[in-house]
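Novice: Here it is, the structure, as structure tokens.
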Amino acid sequence: MDILKIIEKIEKNKTASKQELAFLLENISDSELEQLRQKAQMTAIQSFGKNIYIRGLIELSSYCKNDCLYCGIRRSNRNAVRYRLSKEQILSCCETGFALGFRTFVLQGGEDPYYTDERMCDIVGTIKSLYPECAVTLSLGERSAESYKRLYDAGADRYLLRHETANPDHYARLHPSSMSRKNRVDCLYELKRIGYQTGAGFMVGSPYQTYENLAEDLLFINELQPQMCGIGPFIPHRDTEFAQKPQGSLRLTLTLLSLIRLMQPKILLPATTALGTITPKGRELGILHGANVVMPNLSPQEHREDYALYDNKICTGHEAAECINCLSLRLKSIGYQIVTDRGDYK
Ligand code: 5AD
Ligand code: FES
């Protein structure tokens, strides 16, 4: 198979076969990757110019009732330090964020039953009334269809729920038996049906993952057509049974970012914190490969280290303002700028 032909096909048809995608992922050469990168970067520039959207990430809670094998805040990790933010603390993060130019707040947390529909609707409703020009994104894991609907009616605009892997057998190797790929995907379709701008996504290089699995992830994105897609390398966490597994590769993550950009020219695609963690210029490289979003941390300083999904997470020692300044400079160095904008899907 000719990889440049496959890339041309993806450009033209926005898709390719599973075999072609898996072959490309496994065999792409440096010069072919550079051509793919240029096409992806051009596509992103056509969609967004050299503007980068920012989302303020507020990590609500490090409690989680789930036990995903890869995650540092899984229920069975006794060493994890648990915290949850009060409504007042969350509002104070929004206040700081608004002043720094954030117009999207992402409320993310472990699956913590403390954040009932009633509490969450109150928090979301208050944020929307104080900052009507801002979007609220939720990332609270799997909830019932009814719960998703109530939160949407309370004003939530978007929901992030990575599918983690589209392959059911691979899914079963990363999660406890109480969780299933089917329930995850049902949640995603429900979120879309309700009207959320919906984000799916997956880890690159998670244990037992094959190139075919990644091809399936790409085809799943094409099928679901989410407005957002979050991908980042798997990074082992010392207190999980995957502690000794290798981290996901930078090159493969960048290749996938470029492919997603070509397949979905308008999708909102973050250069993730995990990407910035495995290499110092990871987020800049992500942007140059077609990403158009960054998600700096707005969580209170004293809890940052405790929302440790993986080891060595960046920015846990920095104030939101420091990260914004740092990111502005980083993006400027590659010819891009942060914009004060909700950054909705168009
Ligand atoms: N490495 C990389 N990403 C991880 N996530 C959870 N644990 C890890 C890890 N060890 C990602 C999952 C989840 C998101 C919030 O963080 O994809 O959906
Ligand atoms: Fe946080 Fe650079 S982005 S310190």
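Computed from the coordinates by the stated procedures, all read-outs in this text should not be read as laboratory data. None of the values given here were measured: they were computed from a predicted structure. When we count neighbours, we look across all protein chains shown, and the Cβ atoms used for this are built from the backbone with ideal geometry, even at glycine.
Novice: If I model the chain as equal point scatterers sitting on the Cα atoms and use the Debye formula, what is log10 I(q)/I(0) at q = 0.08 Å⁻¹?
Specialist: -0.34
Novice: Follow-up. Given 0.36 nm per residue, what is the gain on full extension from M1 to D117 after removing their alpha carbon distance, in nm?
Specialist: My answer for the length gained is 36.6 nm.
Novice: Pop the C-beta distance of S29 and S92 into the FRET formula with R0 = 51 Å and round what comes out to the nearest 0.05.
Specialist: With R0 = 51 Å, the Cβ-Cβ based efficiency is 0.55.
Novice: In cubic angstrom, how much convex hull volume per residue do the alpha carbon atoms of the range 1-104 span?
Specialist: With only Cα atoms used, the range 1-104 gives 194 Å³ per residue.
Novice: Which cysteines in the chain lack any other cysteine whose Cβ sits under 4.7 Å from their own Cβ?
Specialist: C64, C93, C94, C121, C134, C187, C229, C315, C323, C326, each lacking another Cys Cβ under 4.7 Å.
Novice: Per 0.36 nm of contour for each residue apart, how much would the distance between E319 and A145 grow if the chain were fully extended, relative to their Cα-Cα spacing?
Specialist: Here the answer is 59.0 nm.
Novice: Here's another thing I want to ask about it. Taking 7 Å along the Cα-to-C-beta vector as the label spot, tell me the K50-T15 distance in nanometres, rounded to one decimal.
Specialist: Computed distance between label sites K50 and T15 equals 3.6 nm.
Novice: Okay, moving on. Starting from the Cα-Cα distance between I334 and E223, subtract it from 0.36 nm times their residue separation and give me the gain in nm to one decimal.
Specialist: 36.7 nm
Novice: Among the trypsin sites (Lys or Arg not before Pro) in the range 1-48, which ones are in a DSSP loop with at most 13 other Cβ atoms within 10 Å of the Cβ? Mind listing them?
Specialist: K14
Novice: Between the range 71-149 and the range 331-346, what's the alpha-carbon centroid distance in Å?
Specialist: The range 71-149 and the range 331-346 have Cα centres separated by 23 Å.
Novice: Continuing with the same structure: For every helix of n ≥ 4 consecutive DSSP H residues, a contribution of -39,500 (n - 2.57) applies; sum these over the chain, divide by its total residues, and give [θ] at 222 nm rounded to the nearest 500 deg cm²/dmol.
Specialist: Result for the chain, helices only: -13500 deg cm²/dmol.
Novice: About its Cα centre, what dipole magnitude does the range 103-197 give when the only charges are +1 on Lys and Arg Cβ and -1 on Asp and Glu Cβ, stated in debye to the nearest 20?
Specialist: My answer is approximately 300 debye.
Novice: Longer than 20 Å from Cα to Cα, which of K18/K281; K182/K346; K12/K192; K50/K332 are they? Say none if no pair is.
Specialist: Long pairs (Cα-Cα over 20 Å): K18/K281; K182/K346; K12/K192.
Novice: Roughly how tilted is helix 30-48, in degrees to the nearest 10 and between 0 and 90, from the longest Cα axis of the chain?
Specialist: 50
Novice: I've got another one for you. What list do you get for R173, R158 if you sort them by fewest beta carbons within 10 Å?
Specialist: By the 10 Å Cβ count, ascending, the order reads R173, R158.
Novice: Moving on. Spin-label point model (7 Å from Cα, Cβ direction): what's the S129 to A243 distance in nm?
Specialist: With each label placed 7 Å out from Cα toward Cβ, I get 4.8 nm.
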